[in-house]
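Visitor: Before I ask anything, here is the structure I am working with.
All of the numbers you see were taken from the coordinates with simple rules; none came from a lab. Predicted model only: the values in this text are computed from it and were never measured. Note: ideal-geometry Cβ built from the backbone for every residue, glycine included; neighbour counts use all protein chains shown.
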Amino acid sequence: MARPDMRASIFVKIFLGFWLVSVAILGSWLLTTRYIESLPPGEQQHRPPHGPPERFVLGLIYGLQNAPSDQLPHIIQEARQKHDIKLWLLDRRGNDLTGQAVLPAARDLASELSGRKRRVFSRNPDGPMLAHKVFLQDSGPARMVILFPKPRHKLLSAIVANHWLRLLIAVLVSGLICYALSRLVTNRLRELRLASHQFAQGDLNTRIAVRESGGDETDELARDFNTMAEELQTRMQAQQRLLSDVSHELRSPLARMRVALALAEDAPGKRQDCLDRMEQETVRLEALIQQLLSTEDGTLKFDKHVDLVSLLQQLCNDANFEGETNNKSVAYRSDLPEAVVASSGDLLHKSFENIIRNALQHTAENTTVVVSISLNDQDFIVSVEDCGPGVSETELERIFDEFYRVDSARSRKDGGFGLGLAIARRAISKHGGELRATNSDRGLVVQARLPINRSDG
């Protein structure tokens, strides 16, 4: 129950934050408007709503004050037609100088002009009305009254006239906008929460839609979630194949133990040699299991030196012992007398055993796996080449990933690479080297590079 409360709290905080800012802006605008409208007429920049702009009013006053009396009707008529207004020029008694009938409201508003009050504005049922003092060229002092067009919409007029109603409507509209914005933000968070819940329930295919263009931080979060989900799905699916992959790694010592057992039964005179071989493979099997189950990736201690030449020759002999039953062989080819490198435990032994076993496993019957070692300026180069189907170029790098299976004839026939090459790459990398794979005319070539000198770490 705590999660829904927290989710609601986030939405409420975002919504109230947006809304309070909007209300503050609207309140400031209202107070400023009311302050301006409360100023004396001489201090206001007064513009009646729904009427011509202030520039027109001033221009009209200037034209009337500077025109001869015979031009006044023409000016008044032009203003009426152009701006849809009614215009009167009143004398002190309230009569129109051009002989027009005068509305009582216009005469009453003109009567309010006295002393220093040069301008009066009012709202009445007929429409907004403005009275202004003028000084005519021929007639002297007069009062101009303008009746502006009545607002077409009464509701709009009421809204404009009532400050508090304007504020209320503005607050409600801003609230709706803020609600929509808040929901827009929290919806993405809600999608992420639901996706996380579905993923936690076991739906590993759960993903969140990501906008390719016009996205925001929530899309970055969704993209990170999808990446995490993809990685976790890969890992979890890989772990489900753990048993079969481990069996791949255990197959080598077990196979040699079966061969030794068969030889002991068929040749009693070689029983002791076979028992020694079985004991040796048992020790290797135990060490391999410990390595597979270990999760420690700490710093290695390089406490021994290994001659790669002797190591590869031994591994080739072991592989030939295993490959006899399938008419497969392993040939060691090198002119180097020795190749000594610093090592940690038997990691290099397990690494090259996995590489050679992988090649022996996937090479065709009646073919030979070629193992060689060479020397360049700074590194020893160990190459293992089989006569198998090879690997597609797009998968050459991925075959070193943990639990990865190649979707090819190699995988379908023999069960894939499993952990062997992944363990080998990790071990060689810890020794300062590099492991990579390429295709050749014969098959797959796995090449390991190890530095000549490796300081203890």
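Visitor: Within region 48-142, report the GluC sites (Glu not before Pro) that DSSP leaves as loop and that have at most 15 other Cβ atoms within 10 Å.
Guide: Glu112
Visitor: Toward the positive end of the charge dipole of region 50-150, about the Cα centre and with charges on Cβ (Lys, Arg +1; Asp, Glu -1), which of Leu72, Leu113, Leu136 goes farthest?
Guide: Leu113
Visitor: Let's test the formula: R0 of 35 Å, r as the Cβ-Cβ distance of Leu263 and Asn376. What FRET efficiency results, to the nearest 0.05?
Guide: Rounded to the nearest 0.05, the efficiency is 0.25.
Visitor: Could I ask something else about it? Ranking Ser122, Ser174 by Cβ neighbours within 10 Å, fewest first, what do you get?
Guide: Ser122, Ser174
Visitor: Going by a ≥ b ≥ c, the root eigenvalues of the Cα gyration tensor, does region 50-150 fall in the rounded group (a/c under 1.5), the prolate group (a/b larger than b/c) or the oblate group?
Guide: Since a/c stays below 1.5, the shape of region 50-150 is classed as rounded.
Visitor: Using amide H atoms built 1.01 Å from N in the peptide plane, name the residues 5+ places from Val102, or on other chains, whose amide H lies under 5 Å from its own.
Guide: none
Visitor: Based on the Cβ-Cβ distance of Gln280 and Arg223, what FRET efficiency does E = 1/(1 + (r/R0)^6) give at R0 = 56 Å, to the nearest 0.05?
Guide: Taking R0 as 56 Å, the efficiency between Gln280 and Arg223 is 0.60.
Visitor: Here's a follow-up. About its Cα centre, how strong a charge dipole does region 50-150 have in debye, to the nearest 20, once Lys and Arg get +1 and Asp and Glu get -1 at the Cβ?
Guide: Approximately 380 debye in magnitude.
Visitor: Here is a further query. Please arrange Lys82, Lys328, Lys270, Lys430 by counting, for each residue, the other beta carbons lying within 10 Å of its beta carbon, fewest first.
Guide: Starting with the residue having the fewest Cβ neighbours, the order is Lys82, Lys270, Lys430, Lys328.
Visitor: Obtain the nm distance between the two label points defined at Glu397 and Gln65 by a simple spin-label model: each point lies 7 Å from its Cα along the Cα-to-C-beta direction.
Guide: Going by the 7 Å Cα→Cβ label model, 8.4 nm.
Visitor: Rounded to whole Hz and in sequence order, give me ³J(HN,Hα) for region 95-109 from the Karplus expression 6.51 cos²θ - 1.76 cosθ + 1.60, θ = phi - 60°, writing x for Gly and Pro.
Guide: Ordered by residue, 3J(HN,Hα) equals 8, 6, 5, 9, x, 7, 6, 10, 5, x, 5, 5, 5, 5, 5 Hz.
Visitor: Now, a different point. Using each residue's phi in region 261-272, evaluate 6.51 cos²θ - 1.76 cosθ + 1.60 at θ = phi - 60° and report the 3J(HN,Hα) Karplus result to the nearest Hz, with x for Gly and Pro.
Guide: So the J values, rounded to whole Hz, are 5, 5, 5, 5, 6, 7, 10, x, x, 9, 4, 5.
Visitor: Same structure again: Once phi is turned into θ = phi - 60°, what whole-Hz ³J(HN,Hα) does the Karplus curve with 6.51, -1.76 and 1.60 give for every residue of region 430-442, x standing for Gly and Pro?
Guide: 5, 8, x, x, 8, 10, 9, 10, 9, 9, 10, 5, 8
Visitor: Continuing with this model, one more query. Arrange Val185, Val341, Val145 by Cβ neighbour counts within 10 Å, fewest through most, would you?
Guide: Val185, Val341, Val145
Visitor: What is the local net charge at Asn366, summed over the other residues whose Cβ is closer than 14 Å to its Cβ (Lys, Arg +1; Asp, Glu -1)?
Guide: Here the charged neighbours net out to -1.
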